[in-house]
Amino acid sequence: MSRLRSALGDRLAELRQVLKIVFGRSALVKGNVYELARKCGKPNCICMRGQLHRSMVLTWSEKGKGRLLSLPSERVMEVKKKSEAYLRFRRARARVTQIHRDILALLDRIEKLRREEPLR
Ligand SMILES: [Zn+2]
């Protein structure tokens, strides 16, 4: 029982830790920032001879559809920072889901230990 209580305490401490990420105030941008190298399709362009057009893009999915946005160079660092913050937020959310499950499982075990049959 004391082992279960201490495990429950650990989960709550971890939850408090994880929620610090959620309580942050910085903006979150969904998506990944990366360099895209592509051919434009014009038959006489240099990209047809291997010199691909390079640009920084943000990609994300929206209602199951892949979206892509070209980023002006002066915004790349800022958007990248916000997209990393978004990723941390989502990881924290996933961790909360797991901690939540762990807590419920511990509560069930504590209930089982404390429960007794009604008097007859
Ligand atoms: Zn081209």
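The selection criterion, being exposed (fewer than 12 other Cβ atoms within 10 Å of the Cβ), assigned to a helix (DSSP H, G or I) and away from the ligand (no atom under 16 Å from the Cβ), does not hold for Arg88. Would you check if there is a residue in segment 20-27 being of a type in the set (Ser, Thr, Tyr), assigned to a loop (DSSP other than H, G, I, E, B) and over 30 Å from Lys112 (Cβ atoms)? Scanning segment 20-27 turns up at least one residue that is of a type in the set (Ser, Thr, Tyr), assigned to a loop (DSSP other than H, G, I, E, B) and over 30 Å from Lys112 (Cβ atoms).
For every residue, the table says whether it meets (1) surrounded by 14 or more Cβ atoms within 10 Å (Cβ to Cβ); (2) within 16 Å of the ligand (Cβ to nearest atom); (3) touching a residue at least 12 places away in the same chain (Cβ under 8 Å).
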{"residue": "Gly31", "(1), (2), (3)": "yes, no, yes"}
{"residue": "Glu74", "(1), (2), (3)": "no, no, no"}
{"residue": "Ser83", "(1), (2), (3)": "yes, no, yes"}
{"residue": "Arg93", "(1), (2), (3)": "no, no, yes"}
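Please determine whether any residue of segment 55-72 is outside any helix (DSSP H, G or I), touching a helix residue (DSSP H, G or I) at 6+ places or on another chain (Cβ under 9 Å), of a type in the set (Val, Ile, Thr) and surrounded by 14 or more Cβ atoms within 10 Å (Cβ to Cβ). No, that holds for no residue. Within segment 41-54, being surrounded by 11 or more Cβ atoms within 10 Å (Cβ to Cβ), part of a loop (DSSP other than H, G, I, E, B) and either near the ligand (Cβ under 7 Å from one of its atoms) or in contact (Cβ under 8 Å) with a residue 12 or more places away in the chain (or both) holds for Cys45, Leu52.
Only the coordinates and a few stated rules stand behind these numbers; no lab work does. In this text, all values refer to a predicted model and were calculated from it rather than measured experimentally. Please note: Cβ atoms are built from the backbone with ideal geometry, for glycine as well, and neighbour counts cover all protein chains shown.
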